[in-house]
Amino acid sequence: MLIGVPKEIKNHEYRVGLTPESVNELILAGHNVLIETNAGMGIGASDEDYKNVGAQISQDAKSIFAKADMIVKVKEPQADERKMLRTGQILFTYLHLAPDVEQTNDLIKSNAICIAYETVTDDNRGLPLLKPMSQVAGRLSVQAGATALEKSHGGRGVLLGGVPGVQPAKVVIIGGGVVGFNAAQMAVGLQANVTILDMNPVTLEQLENHFGAKATALYSSKALLASEVANADLVIGAVLVPGAAAPKLVNREMLKTMKQGAVLVDVAIDQGGCFETSKATTHDDPTYIIDDIVHYCVANMPGAVARTSTYALNNVTLPHVLRIANLGYKQALLSDKHLLNGLNVAFGKITCEPVAKAQNLSYIDAVKAISG
């Protein structure tokens, strides 16, 4: 199979779909890989590094989309990229379609086979291809929040860990999953006053057992959420409904109860955001202020630490890339129910129910979509 890796073109997106080491594995398995020139520069991988493991270098994305059987990316294809997709071509990347009607429509029109990293599952009901980026985003959320809290960035002028004789910042994390856990680890490490809200008793018990007295894990109710948000210096939105749009848990009325210069970091922004006032921002212009509350809503947070993120991502995506390349998309999907769960759009049909529900569209069973 010919696998194509275009350079990412989203704002300040420095990750790349395949590392040189991953390309080497594909070459050794008998496949061909076409890399756009300078695609790996953001992780410190030159064209020569890719050539040395057997990849071919393309001077533009157009030729990659025209030739490749499978496109491997990191972020969702941008509008110009979606125009280049073709019938039967495999797209393997993050998609986050639920809040993105325009992208969904373009992928339907493309007739491509679109497999989303974020809905591939495992035997533990986890999302293994989303997990490493959730770990990165969770840890980055605290760094970003700490910076946004600085007075020069519009924040309250509060140091997360305080100093002797001065109280630390109050950090409230909504959601105790992978993002929330990693955010809590960082916030606890900086000696902030940390509260984690979740509705899963098992998750709460795990958080309690791990953090002990270093963080408070509470069962989330509407009243408690409102109270905690009102008293917070930093609120991190870390909720996830697999494949679906994020629920709006913090509304605009709640902002009026918050401290002037408090910060909201919405890690769920890829799925539409969990704050009513959230709108996607970029690394170029990461924050905005509504009702004196600083919002940080960068939709590709892990892109800021591209090398760490790319290698962590390739650790979990490469086995699936190899499987698809070795078996072809149909056999690969039909023989692996977890990879099949990653299929979001195929031959003009939506195959992911949460995406269809989010956009009030019909969907078809994934097996039928690729077997017809």
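Quick notes
- Only one of 232, 244 that is touching a residue at least 60 places away in the same chain (Cβ under 8 Å), out of contact with any strand residue (DSSP E or B) (no Cβ under 8 Å at 6 or more places or on another chain) and hydrophobic (A, V, I, L, M, F, W, C): 244
- Every test in (1) more than 23 Å from the chain's Cα centre (by Cα); (2) buried (at least 24 other Cβ atoms within 10 Å of the Cβ) is passed by residue 71 save one, and that test is (1).
- Qualifying residue in region 174-183 (condition: among the aliphatic types (A, V, I, L, M), touching a residue at least 24 places away in the same chain (Cβ under 8 Å) and surrounded by fewer than 24 Cβ atoms within 10 Å (Cβ to Cβ)): yes
- Residue in region 208-221 that is part of a helix (DSSP H, G or I) and either surrounded by 21 or more Cβ atoms within 10 Å (Cβ to Cβ) or outside the structural domain of residue 253 (by TED's automatic domain parsing) (or both) present: no
The values are calculated or read from the model by the stated rules, or taken from the named source; none is laboratory data. Here the structure is a predicted model, which is why all the values come from computation and not from measurement. Don't worry about glycine lacking a Cβ; one is built from the backbone with ideal geometry, like all the others, and counts go over all protein chains shown.
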